[in-house]
Amino acid sequence: MDKRNGIKNLLTVALLAGTCLLFFWAENNLDNFQLRILNLAAIFAILGLSMNLVIGFTGMFSLGHSGFMCVGAYTAAILTMSPASKELIYYMEPIIPILAHIQWPIFPAILMAGLVAAVFGLLVGFPALRLRDDYLAIATLGFAEIIRIVVTNTISITNGSLGLKDIPSINSIWVYWGSAIITIIILKRIINSSWGYAFMAIRDNEIAAEAMGISIFKHKLLSFTIGAFFAGVAGALMGFIITSIDPTMFRFLFTFQILLIVVLGGMGSLTGTVISAIVITIMMEVLRFVEEPIDLFGILSIPGLPGMRMVIFSIGLLMVILFYRQGLMGTREFNWDWVLSRLGRGKSKERGDSI
Amino acid sequence: MRKAKRKFTVLLVVLMIASLALAGCAKKTADQVKPASDVIKVGVFEPLTGTNAAGGQMTVEGIKLANKLYPEVLGKKVELVIVDNKSEKQEAANAVQRLVSSDKVNVIIGSYGSSLSMAGGPVAKTAKIPVIGCSPTNPAVTLGNEFYFRVCFIDPFQGTVMSNYATNTLKGKTAAVIRDVQQDYSVGLSNYFVKAFKASNGDASIVADVSYNTGDKDFSAQLTQIKAKNPDIIFAPGNFLECGILVAKARELGIKVPILGGDTWEAPEFLNQVKAYKDIYFSTHFTAEQPVTEVSTTFLNEFKKAYPDKEVNAFGALGFDAYILALDGITRAGTTDGVALQKALAETKGFKGATGVITLDANRDATKTAIIKKVIDGKFVYDSKVEPK
Amino acid sequence: MSMDSFLQNIANSITLGSLYALIAIGYTMVYGIIRLINFAHADLLMVAAYVAFYGIFIFALPWWVAFAIAIALTTLLGMSIEKLAYRPLRNAPRISVLISAIGVSFLLENIGIVVLGARPKPFPRPEALVWNIQAGNISFLSLTIIIPIVTVILLLAVTYMVKKTKIGIAMRAVSRDFETSSLMAVDVNKVVGTTFAVGSALAAVGGLLWSLQYPQVDPLMGVFPGLKCFIAAVMGGIGSIPGAMLGGFLLGTIEVMLVGFMPDLSGYRDAFAFVILILILLFRPGGILGENVVEKV
């Protein structure tokens, strides 16, 4: 048994090293556009993972993700912009003095963005998590809208609809995928802890879970707050990749895209979410051709159909939910036992948790 | 069921690999067919879907027309690469990144909507590829980005022009402002108008200042508020989508005073809503009735030929100008090198475009004539023009 | 606020409130039976408006013919959505059905963008229906009178159907318990289908009147009224038909009066609607007229 675990640990280290090599290769060989899409995929992976924790693992249908992203993005942006550009950009109404002169390094700012978003998660979750299913969905959607409207109207803090620009730009794949990998590791540990079992018990049967002595509300709030934290981190990263943000970015459409990733990947599977985040982000760009005019040898020209990509994605979502409800991975995770058994080496009957 | 599921999983994986391979191939073939030196590529990022679709589409019509008329520069063919930015910032940044990295364009045009331009700007700046904005009027677009230029005037100028027009021509002593809090354009323009109007008519001259949100359809409560204050004029800059309904509603409520707005109003969608009414004024960049330069005449004639069922509009004209300015810059620089082109464009002076004579100032913004139009008998009609100081 | 302004705002509230009420009735019917927020309901408004628009402009039909066709087609569409996207998930977790509803909504909106174009189109106002009324210093459209009348008539019709007809009794039975009703020889599929038909027809009427009042149609036009009317339905007590009516009028009045009395807060108007929604959900989840149902084990 020990030997097997040793092999698995070794394999994990090897996989991490391989991933690092892959990033190293990507950083040097991909052009900026491809790198940007890859980095965007990392952000969507974090978003998908955090939403999956809430929806897939705890069974709470929350649609408030864009609101927490918004909080995170603004926190990180205000903390990292230079005082000079703040003075330049807040030309309508100057920024309140406390915020005018601070300038933090990137990493504490990302962490702070997550924490502030988590505080909002706590504040929203405290009342909202007493609701269930569609009521919870509509209430969280409402909170996200409220956050966005408040951000739009508090001009001396957020610059209102004018948005923020000149946010420090980060192109390094290490920052984005590094954050994504840390997120994966943390969430994996949470899910395999007593918290995680409590979350899944709540998802599978709330009343039974309560009967087993699990504090429902505490664990729901915990899951929701952790979800908000990572949504905030992703929001911060989104600011660094685009370098300008405004409140209209964080509409419901964003939440829909994340939901798409979670459902396609499989509600309750971290592996599935990561894969589907990468696939969908790439498809988003690859499928551009369906919206562009197609010219067949100058004889026949088909005019472009703007909006076609979203039609394809909506149909994809419906197909999955109607016919393959588990999505890509169901509740399965990538795991070495499965790989080993596939390779014909592992003869033990340990496959119970892999399928 | 298990089997079906596995099949589906395999299908998804295959699809993913195929998409990656496709992306790779598509790029390679493009490179093989057209080596970069044979053509000069002009990238365009405009909103073809989403809330700003109408403006983006009008702009692209103008750019395509210009490309048809002037297909060559420095003896090379000019190729347009048009990407949709979906009226979303994240998409706008991606679109520009794609233009500079994958399509390797030499110069970029866009975008309708200042926030979209601001999302794309930094990417182009890093890649040292100049961008020429057609109609983003927010001052922040070019601030601190020496690779961003524009062929339109900016909001402080537009706000002042409308305030002066309200004060001097319409003889207004009091004004009400209604703004869309979610649109940077609307908020910015309103502020500049309020500032200028207060300077001319005193601090108490703004009798009402109310707001709404993008997507609202019901403005009756805000307008009732304004009606009770009985202002001499109303300033209501915003998207044509909301403003068409807003202005019509004001008239239905019996508000008869002049209503003023900004350049976004020049869209058939706006006109459709307010056809039956008068005393509606807005500032814009171009008029068909008073061609300012010989280029204007060319543009007018060719536009009517190319799009016989469409009205000539300012956004098409600005797209047209952005394109010919790009070509002019390339000619003057004698090369497509980004830095040299940036330098050449920054020196633009007295350039004759369809929308007037364009001189770029130290902030790379155009100083040029503003046109005021009004709605009469269901048409946009030229009213007057205002020269820059 | 002066008397004139106040009366004008009353007229504004009635117009907005009765539109909200009409659309909210459709929401509440569907929710009452299958406990599902039919996100696609909002987009049915858009479909009805576009059908009428094309009927009048392209096929030059008289407005009432175009309106009738619009209502018929929207009803068919509503029933098909139920059959294709919701019925297969009847025994699935609630989350799946909700995701399906969101998927349908996005699909309809984006098909709208692809097929109809993203640019808005002007909705025609037949002179027989829309004219201006001036009463002293107050002016409003004839719609301010027509819409509440239509709303009340439809409310009475739907209430009659639910309370007195056989299908109505079946609906109420199904809303209590799917399984038991099917044991009692109620054809659940037929009942749910009928509910969707009625709900979609109401959405169509709502969409048409909405487009007459705010005469501009675009593929995303349903989103905003959809959310607001859902809030109205929850306020009144979701599942309760008179409740939806009351909620609609209340929300309309609150929104108009908020801007009327506190113009400085007009930018927060939409946030306010959500605040009301959340407060109601927390303190009286059954809504004003609804019954508070305890979750069954």
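The values are calculated or read from the model by the stated rules, or taken from the named source; none is laboratory data. Fair warning: this is a prediction, and the values are worked out from it, not measured in the lab. Cβ coordinates were reconstructed from backbone atoms using ideal geometry, including for glycine residues, and neighbour counts include every protein chain displayed.
Given the criteria among the aliphatic types (A, V, I, L, M), more than 14 Å from chain C (Cβ to nearest Cβ), more than 23 Å from the chain's Cα centre (by Cα) and surrounded by fewer than 22 Cβ atoms within 10 Å (Cβ to Cβ), does A:I95 qualify?
yes
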I'd like the residue in region B:218-249 that is of a type in the set (D, E, K, R) and within 8 Å of chain C (Cβ to nearest Cβ) and, out of all such residues, is farthest from B:A53 (Cα to Cα).
B:K227
For region B:202-246, how many residues meet the condition of being touching a residue at least 24 places away in the same chain (Cβ under 8 Å), part of a helix (DSSP H, G or I) and among the charged types (D, E, K, R)?
3
When restricted to B:A326, B:A322, B:A354, the only residue surrounded by 24 or more Cβ atoms within 10 Å (Cβ to Cβ), in contact with a Ser or Thr (Cβ under 7 Å, 6 or more places away or on another chain) and modelled with pLDDT of 90 or more is B:A354
Looking at (1) over 29 Å from B:A344 (Cα atoms); (2) surrounded by fewer than 24 Cβ atoms within 10 Å (Cβ to Cβ); (3) touching a residue at least 40 places away in the same chain (Cβ under 8 Å), can you tell me which one B:E146 breaks?
(1)
Could you check how many residues of region C:36-61 are without any contact (Cβ under 8 Å) to a residue 24 or more places away in the chain and part of a helix (DSSP H, G or I)?
3
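Quick one: in region B:250-266, which of the residues that are surrounded by fewer than 24 Cβ atoms within 10 Å (Cβ to Cβ) and in contact with a helix residue (DSSP H, G or I) (Cβ under 6 Å, 6 or more places away or on another chain) is nearest to C:F123 (Cα to Cα)?
Going through the qualifying residues, I end up with B:L253.
I'd like the full set of residues that are assigned to a helix (DSSP H, G or I) and more than 10 Å from A:I245 (Cα to Cα), limited to region A:159-171.
Selection gives A:G160 alone.
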A:A139 meets each of (1) of a type in the set (A, V, I, L, M, F, W, C); (2) assigned to a helix (DSSP H, G or I); (3) surrounded by fewer than 24 Cβ atoms within 10 Å (Cβ to Cβ) with one exception, condition (3)
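Among C:A157, C:A135, C:A173, C:A118, which is the only one that is at pLDDT 85 or above and more than 22 Å from C:T75 (Cβ to Cβ)?
That would be C:A173, the only listed residue that is at pLDDT 85 or above and more than 22 Å from C:T75 (Cβ to Cβ).
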Residues of region C:62-103 that turn out to be in a loop (DSSP other than H, G, I, E, B) and modelled with pLDDT of 90 or more, as a count:
1
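Each row is one residue, and each column tells you yes or no for (1) modelled with pLDDT of 65 or more; (2) within 9 Å of another protein chain (Cβ to nearest Cβ).
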site	(1), (2)
A:Q326	yes, yes
A:R332	yes, no
A:N335	yes, no
A:K349	no, no
A:D353	no, no
Counting just the residues of region A:242-258 that are within 14 Å of A:L317 (Cα to Cα) and crowded, with 24+ Cβ neighbours inside 10 Å, which one comes out farthest from the chain's Cα centre (by Cα)?
A:T255
The residue that is modelled with the highest pLDDT, considering only those in region B:215-247 that are surrounded by fewer than 22 Cβ atoms within 10 Å (Cβ to Cβ) and of a type in the set (G, A, S), is B:A228
Looking at region A:28-50, which of the residues that are without any contact (Cβ under 8 Å) to a residue 40 or more places away in the chain and assigned to a helix (DSSP H, G or I) is farthest from the other protein chains (Cβ to nearest Cβ)?
A:N28
Output the residue which, of all residues in region B:292-310 that are free of Cβ contacts under 8 Å to residues at least 60 places away in the same chain and in a loop (DSSP other than H, G, I, E, B), is surrounded by the most Cβ atoms within 10 Å (Cβ to Cβ).
B:P308
With B:T348, B:T359 as the choices, which residue is among the polar types (S, T, N, Q), in contact with a Ser or Thr (Cβ under 9 Å, 6 or more places away or on another chain) and free of Cβ contacts under 8 Å to residues at least 60 places away in the same chain?
B:T359
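Yes or no, residue by residue, for (1) in contact with a strand residue (DSSP E or B) (Cβ under 7 Å, 6 or more places away or on another chain); (2) at pLDDT below 90; (3) not in a loop (DSSP other than H, G, I, E, B):
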site	(1), (2), (3)
B:G316	no, no, yes
B:T336	yes, yes, no
B:K343	no, no, yes
B:T359	yes, no, yes
A:G114: modelled with pLDDT of 90 or more, farther than 14 Å from A:T75 by Cα and part of a helix (DSSP H, G or I), yes or no?
no
Residue tally, condition away from chain B (no Cβ under 11 Å) and not in a helix (DSSP H, G or I), over region C:236-274
4
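Confirm whether B:G215 is at positive phi and away from chain C (no Cβ under 14 Å).
Criteria not met by B:G215.
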Checked B:P156, B:P130, B:P136 against criteria (touching a helix residue (DSSP H, G or I) at 6+ places or on another chain (Cβ under 7 Å) and in contact (Cβ under 8 Å) with a residue 40 or more places away in the chain); the one match is B:P130
Top-ranked residue in region C:7-23 [being farther than 12 Å from C:T253 by Cβ and more than 9 Å from every other protein chain (Cβ to nearest Cβ); ranked as nearest to the chain's Cα centre (by Cα)]:
C:I23
